[in-house]
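The values are calculated or read from the model by the stated rules, or taken from the named source; none is laboratory data. Everything quoted here is computed from the prediction, not taken from an experiment. Neighbour counts are summed over all protein chains in view; Cβ atoms, including those assigned to glycine, are modelled from backbone coordinates with ideal geometry.
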Amino acid sequence: MALIFPRLARNFIRNGYFPTDAVTLGRIIPALALADPDRPVRLLDPCCGEGAALRDLKDALAMYASTPDTLRAFGVEYDRERAWHAKDVLDTVAHTDVHDMFITARSMGLLFLNPPYGDVVSDKAQTGERQPDRLEKLFYMKTVPWLAFDGVLVLIVPHYVMDREFATMIARNFAHVAVFLAPDQTFKQLVLFGVKRRAGGVDSALAARLARITEGELPPELPEHWTADPYRIPSTAGEHAFMSTRIDAPQLEHELERLQSATLWPQFATMFASKAVVPRRPLRDLSDWHLALALAAGQITGVVTGTDGTRLLIRGDTIKQKEQEVQIEETDKGDIRTTILMRDRFVPTIAGIDFTPGPNLGRIVTIR
């Protein structure tokens with residue numbers, strides 16, 4: 001599978017797109033394994049490009065899974081052309097800015113992060129919020145909360161950005177960190193593996209070791225044959241959300257077509273179908289209570305014809321009237337006590353228009 005469209009190759013550096021090369025990816029794959037091949041695992045690439053890297057990684061891990069549905073690959077990509085290509089090779093892809101994504105915290109077992117490289121635009125608005133100076137740090141801060149505890153991070157960034165600040169971020173959140181130089185040093189990349197741990201302070205020794213990379217103490221090259229124990233990706237079962245706060249019309253149409261069986265559209269005709277219902281006469285004459293209930297429900301309406309040929313267009317309703325009752329009592333002491341009771345009385349009312357040809361045509365009648 002090609003890692004980049006030929007027609008996009010001339011522009012990928014200018015757009016900050018540095019796809020993972022085949023040699024580096026081939027050496028990363030043996031360093032990863034599944035903690036439990038029988039349980040579901042979610043893989044995330046928040047800067048997935050065309051999706052080729054995560055797809056190859058999923059295919060390699062799927063060889064050890066019990067069923068093909070055990071692994072699900074999720075991607076986010078800002079570029080439209082690359083995103084729509086990734087939709088064809090990954091399970092779920094959002095064409096959007098990663099900062100517009102909502103993903104359930106700690107819902108991903110693997111975070112494969114090869115972010116855009118470059119400086120962050122300065123805060124011209126002077127909002128007072130401190131921003132990291134590099135895109136690599138910004139994407140790291142945004143995406144790491146989505147990784148589950150004991151989840152595996154694969155981070156691919158230029159080795160010259162691993163300063164004290166970035167090293168401290170990693171040392172605060174990850175253990176069992178191993179870092180190597182990528183075999184292809186065209187973009188001066190390093191590959192970092194780590195296991196997310198619960199909060200417990202900064203590992204100062206790890207932070208110092210990583211920070212020395214920018215001082216010239218470069219790590220060894222990623223080995224061609226992985227001999228250490230692999231990083232085991234944990235299961236990520238349970239409900240999760242993966243959605244963009246903004247969605248364009250093509251993506252909405254694509255999702256509705258993809259998930260059509262899970263929506264109510266196939267049952268639209270059934271849910272909203274209507275047919276004429278022939279009313280049946282009641283078994284006995286309606287009492288006042290039955291009449292009021294039928295009127296209040298709007299069941300008495302339409303055109304009716306009397307035995308004498310009178311035709312009326314009627315509309316039933318129920319109105320509430322107040323009835324007053326005065327009770328006068330004399331107490332033991334000879335005082336007079338007056339009690340006024342107000343009761344609600346529901347009165348069935350039928351308004352009709354006489355449609356009978358003749359002198360009464362158009363007459364308004366009221367039946368109570």
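Condition check for Pro348 on (1) surrounded by fewer than 10 Cβ atoms within 10 Å (Cβ to Cβ); (2) in contact with a Ser or Thr (Cβ under 8 Å, 6 or more places away or on another chain): one failure, at (1). Where residues in segment 228-247 are assigned to a strand (DSSP E or B) and among the hydroxyl-bearing types (Ser, Thr, Tyr), which of them is modelled with the highest pLDDT? Looking at the filtered set, the residue picked out is Tyr231. The number of residues in segment 86-113 being surrounded by fewer than 22 Cβ atoms within 10 Å (Cβ to Cβ) and among the aromatic types (Phe, Trp, Tyr) comes to 1.
The residue list Leu256, Leu210, Leu192 contains one member that is out of contact with any strand residue (DSSP E or B) (no Cβ under 9 Å at 6 or more places or on another chain) and not in a loop (DSSP other than H, G, I, E, B), which is Leu256.
Among the residues of segment 62-93, those identified as β-branched (Val, Ile, Thr), in contact with a helix residue (DSSP H, G or I) (Cβ under 8 Å, 6 or more places away or on another chain) and not in a strand (DSSP E or B) are Thr70, Val89. Based on this model, can you work out whether Leu181 counts as touching a His at 6+ places or on another chain (Cβ under 9 Å), of a type outside the set (Asp, Glu) and modelled with pLDDT of 95 or more? Criteria met by Leu181. Among the residues of segment 133-147 satisfying the criterion of being over 14 Å from Ile170 (Cα atoms) and surrounded by fewer than 20 Cβ atoms within 10 Å (Cβ to Cβ), which is modelled with the highest pLDDT? Step by step, filter segment 133-147, then rank; the result is Leu135. Sub-7 Å Cβ pairs linking a first residue in segment 316-328 that is closer than 19 Å to His290 by Cβ and surrounded by 10 or more Cβ atoms within 10 Å (Cβ to Cβ) to a second residue that is at pLDDT below 80 and polar (S, T, N, Q), at least 6 apart or interchain, are Gly316/Thr301; Asp317/Thr349; Thr318/Thr349; Ile319/Thr349, ordered by first then second residue. Any residue at all in segment 140-148 that is assigned by TED's automatic domain parsing to the domain that holds Cys48, under 27 Å from the mean Cα position of the chain (by Cα), of a type in the set (Lys, Arg) and outside any helix (DSSP H, G or I)? No, because not a single residue in segment 140-148 is assigned by TED's automatic domain parsing to the domain that holds Cys48, under 27 Å from the mean Cα position of the chain (by Cα), of a type in the set (Lys, Arg) and outside any helix (DSSP H, G or I).
Taking the condition surrounded by fewer than 23 Cβ atoms within 10 Å (Cβ to Cβ) and farther than 19 Å from Leu90 by Cβ, does Ala31 pass? Here the answer is yes, as Ala31 does meet what is asked.
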